[in-house]
Every structure is written in structure tokens, then in C-alpha cells.
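This report refers to the structure that appears directly beneath it.
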Amino acid sequence: GKTIPAEVDVSIRPGWFYHAEEDSLVKTPEQLFDIYLTSVGRGANLILNIPPDRRGLINEIDVASLEGWKKLIDERFSTNLALNKAVSASSVRGDSPAYQASLVTDGNKDTYWATNDEEKTGTLEVDLGENKRISYVLVQEYIKLGQRVKSFSVEIEKEGQWQEVAQGTTIGYKRILRIDPVEAQKVRVTIKDSKACPVISNVEIY
């Protein structure tokens, strides 16, 4: 069925209106980035209130914070390490190239990996080709077919052993997982449970 995206309403200041005495309480770029991860990074719409000051302008302090926030997003998500990298899957729907694993790293949100109808679990293993420092893993479902995933985990390979670095319940349109920065060459996303066969359009690694 259709799912309605959640909405996160938050203000850059303690309240919804401008007060000069709150100039020191404007959310920092890092705080805004955390809000981004817990809203957009969990498939929600973020509505950020930025009140005009007495001049009818957005205050310089707020502007500086917003610019710093934009810089953090640009820096942290600048290079998708998984783009066009090799991917293997536990299984592929009908063994068809139309649903093959590599479609999650092709940079195209309209292509996706899928398992057979009765399979509600599966794994995707991305090989970055060499050890890379990893801090974030982004996963997207092909949301036109509805939100399906109920439980999943992310692992990295360390000296031949798989170690879980993150887990979650739903993925939906977009899920960004922050992990303790780690050096790894291989990242595995395991769909543990799904309402119907999982359809994953995108895996990005930063």
C-alpha cells in the first residue's frame, strides 16, 4: 500500500519567532546536520522554520548556520564510493538482468534489484575495490512499489570477518545510517524481513 511520508517541523531557533536575545541559541550547522539525518535520513520531509528578524530579513547568524549546514552536507556526501562498483546479491528475480544487483550502484533511481516473489530476505554485497574510510551508508527502496522492508542490517568485512555496523527497521524512500568511521573494502546490506520481495533501487556509501 501507499505510505505517506512523515513530516518533521523544527525551527532554527528555540521558538518560531525571532528574538534578539536568542541569537546565541541558533542551531549550529552540526545540530542541523543531525536533524537532517533523523528526518530526511529516515525518509521524512524536513520543514525548517527560519523566522525573519525585525528588519524583515533572515538574520546573519541564521544565514551563517544554514551555509555551514549546506557545506557539511556537500562535504560528507560529496563522493559516493559505491557508484558503479561491483555488487553481488544472494539471489536475483528470475535470474534476470532487469533486476540484477549492479542496478543499486548505477546511479539511476528507476532501476532496482529484486528477489523472487516468495523471497522476503536477501543480501547485497558491494565491493569498493580497495579499503575506504566509510562513515555513512544510504539505502533507498524503489518506492513506487510501496514500502516493503521491515528489518535490515549493514555489515562491513574486516580481516575476512563480517561485522555489523548498523541496523534499522524501515528503509522507505531514503535511509541514511551514520556509522562509526571504519576502513573497509566490502559492505553488505542484509534485508532480514520484508512485507513482500524487497526492491532496492540505490545503495550509496560515503
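The values are calculated or read from the model by the stated rules, or taken from the named source; none is laboratory data. Predicted model, so just to flag it, every value in this text is computed and none were measured. All Cβ positions, even for glycine, are placed from backbone atoms using ideal geometry, and neighbour counts span all protein chains on display. The area values use the complete protein model at the heavy-atom level, side chains included, leaving out ligands, DNA and RNA. Shrake-Rupley method; radii C 1.70, N 1.55, O 1.52, S 1.80 Å.
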Given that just one value was derived from the coordinates, which of [x] 1, 7, 14, 17, 16, 13, 10, 7, 6, 4, 2, 1, 0; [y] 1, 7, 15, 18, 19, 15, 12, 7, 3, 1, 0; [z] 1, 6, 12, 13, 12, 10, 8, 7, 7, 6, 5, 4, 3, 3, 2, 1, 0, 0, 0 is P(r) over Cα pairs in 5 Å bins from 0, in percent?
-> [x]
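Assuming R0 = 30 Å, what is the FRET efficiency of residue 20 and residue 67, from their Cβ-Cβ distance, to the nearest 0.05? Each step should come with its number before you reach the end.
Working: r = 21 Å, r/R0 = 0.69.
With a Förster radius of 30 Å, E is 0.90.
How far, in nm, would the chain grow between residue 28 and residue 54 when pulled straight, counting 0.36 nm per residue and subtracting the alpha carbon separation? Show your work: numbers first, answer last.
Numbers: separation 26, 0.36 × 26 = 9.36 nm, distance 2.15 nm.
Difference between extended and current length: 7.2 nm.
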Projected label distance in nm at residue 109 and residue 196, using a 7 Å step from Cα toward the beta-carbon = 2.0 nm
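Calculate, for residue 116 and residue 10, the FRET efficiency according to 1/(1 + (r/R0)^6) with r their C-beta to C-beta distance and R0 41 Å; round to the nearest 0.05.
Values: r = 42 Å, r/R0 = 1.02.
It comes to 0.50.
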Pulled fully out, how much extra length does the chain show between residue 179 and residue 45, if you take 0.36 nm times their separation in residues and subtract their Cα-Cα distance?
-> 46.0 nm
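FRET efficiency for residue 159 and residue 83, Cβ-Cβ distance as r, R0 = 22 Å, nearest 0.05? Show your work: numbers first, answer last.
On the way: r = 26 Å, r/R0 = 1.18.
FRET efficiency, residue 159 to residue 83: 0.25.
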Segment 129-206 and segment 4-72: distance between their alpha carbon centers, rounded to Å = 28 Å
Under 25 Å between C-alpha atoms is the cut-off here; go through segment 117-205 and count lysine pairs that meet it, provided they're at least eight residues apart or on different chains.
-> 21
Per residue, in Å², the accessible surface of the chain once ligands and nucleic acids are set aside, probe 1.4 Å | 52 Å²
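Where the accessible area of the chain is counted over protein heavy atoms with a 1.4 Å probe, how much of it, in %, is carbon and sulfur? Write down the numbers at each step before the final one.
Numbers: 5270 of 10780 Å².
Ligands and nucleic acids excluded, carbon and sulfur reach 49 percent.
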Longest principal axis of the chain (C-alpha) makes with the long axis of helix 60-76 (C-alpha) an angle, in degrees to the nearest 10, of 10 degrees
Spin-label model distance (nm) - residue 169 vs residue 130, 7 Å beyond Cα toward Cβ = 4.1 nm
